[in-house]
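Chemist: My structure is below; once you've seen it, I'll send some questions.
The values are calculated or read from the model by the stated rules, or taken from the named source; none is laboratory data. This structure is a prediction, so every number in the text was calculated from the model and none was measured. Neighbour counts run over all protein chains shown; Cβ positions are idealised from the backbone, glycine included. Each accessible area value is taken on the protein alone, full model and side chains, heavy atoms only, with ligands, DNA and RNA left out. Shrake-Rupley method; radii C 1.70, N 1.55, O 1.52, S 1.80 Å.
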Amino acid sequence: MLETNTPSPVAAQSYPFEFRGNGKEYFKIWIVNVGLTILTLGIYSAWAKVRTRRYFYNHMFVNGQSFDYHADPIKILKGRIMLFLIGLSVALVNLSPIFLIIPVLFFLAGPYLIVRGAIFNFTNTSFRGVRFGFQRAYQESYITWLKAIAVTIFTLGIGALTSQFYWRKFIFDHMALGKARFKLGGTGFEFWAYMMKVFFLYGLGFLAIYLGVTFGLFFSGLISKEDAGLVPFLLVAMIYVFYGFLFVVYQVRTAHFYSKHTSGDGGLGFQTRLTLWDSFLMYAEQLFLLIITLGFAWPWVTVAIAKYKAEHTDAMATPEFFNSLEQAQLESVSAFGEEVASFWDFDIGF
Amino acid sequence: MRINGLLFDGQNSRARPAALYRLGEQVILEYDGQSRTFERKDVNVLSRLGSAPRAIEFPGMMRFESSSHDEIDQVFGGLSSFIHKLENNTQLVVISVVTFVAFCVASYLWIIPATSRFVVHKIPQSYIDKIAQKMEGEWGLGESVTLAAENQDKLETITSRLTHSFPGQQVRIRPVEMDGMANAFALPDGSMMVTQPLLELLSTDQALAVMMHEMGHVTYRHGLQAMAGQMIISVLLFFTVGGGDFTAIGQNLVGLSYSRRHEREADLFAAKHLKEIGLKPSLLADGLKRIEKSVSRRREGAGGLPTFMSSHPLTEERAKYLKELD
Ligand SMILES: [Zn+2]
């Protein structure tokens, strides 16, 4: 463990993240991945996954050095096959109710699998030759799981957002870079209030605009006309744009909250310069690109978003932080947990 | 040839200037004024990836990093960068693009529809019943409603005529309440729902035509096909793009397009069976138009959505092809 108690003589400086990949390069990697995956009936997808991650980690720089990803594709393939077999076994439920135990076991194993997935992911990620790590915090994982369920049920769903914070806190508090530990401060309620405040305000604002437009159209007589076919389209489009807006609000606000409350050994911290309006324009632009290219701009869009997020994030650390990380004991686990988590869209990582 | 780079010794994160060269089956690494010798087979040269610095891994988690890509290829041979060569071979990239486009088109036109058609006929009835029960609960369909006498008569006539048209099949129609709207639909288990306003609004023949359309959904198991299709799409997306913020949009658009295709199939099914009992297919068009009118009068309905965002083809379009079948 690094010395956290003695104040460092040199103040923390900000080191911007920088993504040096580009769309054309990633396009070639992606298309070869996809081509080989199709030709090998999905088997290559494990290698493709590793290569894609490596591309993004290798090109993500902070203070002159980039990250790396070391997962063994064979392990990922085994994880995928197992997940596939379990998926098939769900069909057995119809043969006899005894097989109902499979989905039930799977559900109960959720928190265990999340820990396994986190260990797999973090121990296979490195920075400056030092591996990240994750503790075998099975008990805390189940506690987090119960808290997340309880906060959703007892608030009748209103507090569901808080569970997102609990999981993020669980991940941050149990991960490490070498021997350096991280910590996510703040409370679930703070997070909830921070998010709900803007959701509520923007929700009210949107409602006012929506009602204004509807009544405006109504009084101008447009809505009752038979030929006003575009009016319902306009109203539905407004709702879609608002959903998109809330998505961006969510991204930006969580980035601000988490970076403000994340700290680590050696004076580590994070800073985000994401702003709402600018981010909204960026996402709108990328979505537009995807639509007019029927989705084929995918690699360019993915790179542009990674670049944008990196450019607006700084790591705060003392200069010696980068040279003083120490390697910790490595653990080796199967990739099954990681595969389950990524199929559930559970985000283990930064 | 010497390759210059940085060494991380696997113990800590300090970057040390280092150099590396090869003597036959031995690799010599120089750093911190010392020189260490390794067997070539113990040294792992990672494949080239875009323009990122390349890592060469040594035992004990030692990591040598260098951007001298060409020198590394020369010293260690091209084998380690086979995939990188694929990625920079224009012909192969073009072939991959063509394969991918062909795969997308084939998935959309054949693989997804054929697989979902195949799958739905393998699903056991008990499982289908379970899904249908769940959907009824989610949509808040509740108990059957008591119909006014003349509507009850209409429903009985329709049921007996459908039973006559489809001898082997069990025709189950349940009257339900849905926000007072004229509506009819089919559940995956083959039961059909109809609301009182629909029976009131349409003539017996028109309502029969609408229920024939629903019989089409039942016969082709469209509801289950749609579910299976969504599952297949999400698995395909998982393997090709690995999920992400925008994939849900594409998935929805494809789902909507299949839904429009199913509606057309059910319309043609209804048209065929209406003709068999001496009725005109345009009866269905008349019924649909009336329903649409009553719904759009109650709220600014989905009538104005552009086709690609809508689950049904435009009613005018449906009326046109149904008229042609008269
Ligand atoms: Zn239909």
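Chemist: List every residue pair whose Cβ atoms lie under 8 Å apart, where the two residues are 6 or more positions apart in sequence or sit on different chains, the first residue falls within the stretch B:299-323 and is exposed (fewer than 15 other Cβ atoms within 10 Å of the Cβ), and the second residue, located anywhere, is modelled with pLDDT of 75 or more and in a loop (DSSP other than H, G, I, E, B).
Modeler: Sorted first by the residue in the stretch B:299-323, then by its partner, the pairs are B:Thr307/B:Pro313; B:Thr307/B:Leu314; B:Lys323/B:Pro281.
Chemist: Moving on. Give just the number: which of (1) out of contact with any helix residue (DSSP H, G or I) (no Cβ under 6 Å at 6 or more places or on another chain); (2) within 9 Å of chain A (Cβ to nearest Cβ); (3) among the hydrophobic types (A, V, I, L, M, F, W, C) does B:Leu92 not satisfy?
Modeler: The one condition B:Leu92 does not meet is (1).
Chemist: List the residue pairs whose Cβ atoms are under 7 Å apart, where the first residue sits in the stretch B:262-273 and is within 16 Å of B:Lys320 (Cβ to Cβ), the second is within 12 Å of the ligand (Cβ to nearest atom) and open to solvent by 20 Å² or more (accessible area, probe 1.4 Å), and the two are 6 or more positions apart or on different chains.
Modeler: Between residues of the stretch B:262-273 that are within 16 Å of B:Lys320 (Cβ to Cβ) and residues that are within 12 Å of the ligand (Cβ to nearest atom) and open to solvent by 20 Å² or more (accessible area, probe 1.4 Å), the close pairs are B:Glu263/B:His312.
Chemist: Across the stretch A:129-164, what is the total count of residues that are at pLDDT 90 or above, surrounded by 20 or more Cβ atoms within 10 Å (Cβ to Cβ) and over 20 Å from A:Ser332 (Cα atoms)?
Modeler: 1
Chemist: Which of the following residues is more than 16 Å from the ligand (Cβ to nearest atom), open to solvent by less than 50 Å² (accessible area, probe 1.4 Å), closer than 30 Å to B:Leu237 by Cα and within 14 Å of chain A (Cβ to nearest Cβ): B:Phe118, B:Phe100?
Modeler: Of the residues listed, the single one that is more than 16 Å from the ligand (Cβ to nearest atom), open to solvent by less than 50 Å² (accessible area, probe 1.4 Å), closer than 30 Å to B:Leu237 by Cα and within 14 Å of chain A (Cβ to nearest Cβ) is B:Phe100.
Chemist: Looking at (1) away from chain B (no Cβ under 12 Å); (2) open to solvent by less than 50 Å² (accessible area, probe 1.4 Å), which one does A:Phe322 not meet, given that it meets all the others?
Modeler: (1)
Chemist: Pick out the one residue from B:Met181, B:Met135 that is touching a strand residue (DSSP E or B) at 6+ places or on another chain (Cβ under 8 Å), in contact (Cβ under 8 Å) with a residue 40 or more places away in the chain and in the same structural domain as B:Glu214 (by TED's automatic domain parsing).
Modeler: After applying the criteria, what remains is B:Met181.
Chemist: May I ask you to list pairs of residues, at least six apart or on different chains, whose Cβ atoms are under 7 Å apart, with the first in the stretch B:213-234 being free of Cβ contacts under 8 Å to residues at least 24 places away in the same chain and the second being more than 15 Å from the ligand (Cβ to nearest atom)?
Modeler: Within 7 Å, the pairs are B:Ser234/B:Gln251.
Chemist: Here is a further query. Go over the candidates A:Leu36, A:Leu77, A:Leu41 one by one and state the one that is surrounded by fewer than 19 Cβ atoms within 10 Å (Cβ to Cβ) and over 23 Å from A:Phe127 (Cα atoms).
Modeler: Result: A:Leu41 is the single residue among A:Leu36, A:Leu77, A:Leu41 that is surrounded by fewer than 19 Cβ atoms within 10 Å (Cβ to Cβ) and over 23 Å from A:Phe127 (Cα atoms).
Chemist: Looking at (1) open to solvent by less than 80 Å² (accessible area, probe 1.4 Å); (2) under 30 Å from A:Phe27 (Cα atoms); (3) not hydroxyl-bearing (Ser, Thr, Tyr), which is the only condition B:Met135 fails?
Modeler: (2)
Chemist: Anything in the stretch A:317-350 that is out of contact with any strand residue (DSSP E or B) (no Cβ under 9 Å at 6 or more places or on another chain) and modelled with pLDDT of 80 or more? List them, or say none.
Modeler: A:Glu320
Each row is one residue, and each column tells you yes or no for (1) surrounded by fewer than 16 Cβ atoms within 10 Å (Cβ to Cβ); (2) at pLDDT 75 or above.
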position: A:Phe215; (1), (2): yes, yes
position: A:Pro232; (1), (2): no, no
position: A:Leu235; (1), (2): no, no
position: A:His261; (1), (2): no, yes
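Chemist: What about A:Glu285, is it modelled with pLDDT under 90 and within 14 Å of chain B (Cβ to nearest Cβ)?
Modeler: The answer is no for A:Glu285.
Yes or no, residue by residue, for (1) in contact with a Gly (Cβ under 9 Å, 6 or more places away or on another chain); (2) of a type in the set (Lys, Arg); (3) within 26 Å of A:Gly21 (Cβ to Cβ):
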residue: B:Phe38; (1), (2), (3): no, no, no
residue: B:Lys41; (1), (2), (3): no, yes, no
residue: B:Asn44; (1), (2), (3): no, no, yes
residue: B:Ser51; (1), (2), (3): yes, no, yes
residue: B:Ile56; (1), (2), (3): yes, no, yes
residue: B:Gly60; (1), (2), (3): yes, no, no
residue: B:His69; (1), (2), (3): no, no, yes
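Chemist: Looking only at the stretch B:161-203, which residues are open to solvent by less than 70 Å² (accessible area, probe 1.4 Å) and assigned to a helix (DSSP H, G or I)?
Modeler: Hits for the stretch B:161-203 are B:Leu162, B:Thr163, B:Ser165, B:Gln196, B:Pro197, B:Leu198, B:Leu199, B:Leu201.
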